[in-house]
1. With Rg and the Kirkwood Rh both taken from Cα atoms, where does Rg over Rh land for the range 35-172?
2. In nm, to one decimal, how far is the Ser85 label point from the Ser146 one, both placed 7 Å along Cα→Cβ?
3. Measuring from label point to label point, each 7 Å out along Cα→Cβ, what is the Lys75 to Arg34 span in nm?
4. Which order do you get for Leu159, Leu41 if you rank them by accessible area with a 1.4 Å probe, largest at the top?
5. Please give the FRET efficiency for His117 paired with Tyr171, using the beta carbon to beta carbon distance and R0 = 45 Å, rounded to the nearest 0.05.
6. Quick one: of Lys136/Lys156; Lys129/Lys156; Lys78/Lys137; Lys100/Lys136; Lys81/Lys156; Lys75/Lys156, which pairs are farther than 28 Å apart, Cα to Cα?
7. What is the extension gain from Leu131 to Ser49, computed as 0.36 nm multiplied by their sequence separation minus the C-alpha to C-alpha distance, in nm to one decimal?
8. For the pair Thr161 and Glu105, how long in nm is the line joining their label points, each one 7 Å along Cα→Cβ?
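The values are calculated or read from the model by the stated rules, or taken from the named source; none is laboratory data. Just so it is clear, the structure is predicted and the values come from calculations on it, not from any experiment. Note: ideal-geometry Cβ built from the backbone for every residue, glycine included; neighbour counts use all protein chains shown. Just the protein is used for accessible areas: all its heavy atoms, side chains included, with ligands, DNA and RNA removed. Shrake-Rupley method; radii C 1.70, N 1.55, O 1.52, S 1.80 Å.
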Amino acid sequence: MLFSVNTKMNLTDDISQVLQSIKIADDLSDIAVRALPLVDLTVGNENISASSVEQLCHQAVTPYGYVAAVCVSPKFVKDAKKQLSESPIRVVAIVDMQGKYDTAETISAIEQSIADHADAVEILFPYQKYLSGKIKKVEAFIRACSLACSHQSLLKVVLETSVFPSLEKIYEASQFL
């Protein structure tokens with residue numbers, strides 16, 4: 001994934017505006033169209049509705065092609081999979097993106113997401129624990145999530161790089177992944 005897009009935008013309109021406003025040549029238009037499959041549309045809010053997910057899925061299919069994935073709460077994986085069943089768009093379950101890091105709760109959400117046929121599971125790297133020196137707990141959490149995904153689903157671990165004090169710390173944290 002190259003970009004993650006918030007649902008408050010209309011992706012098709014934005015692409016059209018960009019292509020028209022800069023009066024780009026065909027080769028640049030081709031680049032813009034080739035970039036679309038690198039975009040993940042994400043709804044990270046826990047209080048979203050089924051209609052928000054439906055709108056997101058609708059935006060994922062554009063006249064210019066498909067986005068790479070739609071990222072939703074585990075409770076909406078089934079709905080998104082159903083709505084996108086005729087497309088190559090992947091459905092990613094956003095699990096534990098608030099940093100709760102309750103391993104049992106997270107594993108349960110991962111297992112449910114896999115049962116609902118999520119193509120991938122996304123978690124937030126437990127940076128607070130990592131930065132406070134609880135390396136073994138971070139390692140155990142990542143390992144447990146990875147084992148829960150097993151070979152049934154891809155595990156994506158998000159590094160909030162802006163919270164790390166240095167590039168060295170980001171590099172060290174990335175070694176867990």
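1. Using Cα coordinates only, the ratio equals 1.00.
2. About 3.5 nm, to one decimal.
3. The two pseudo-label positions are separated by 4.2 nm.
4. Leu159, Leu41
5. Using R0 = 45 Å, I get an efficiency of 0.85.
6. Lys78/Lys137
7. 26.1 nm
8. Here the answer is 2.9 nm between the modelled labels.
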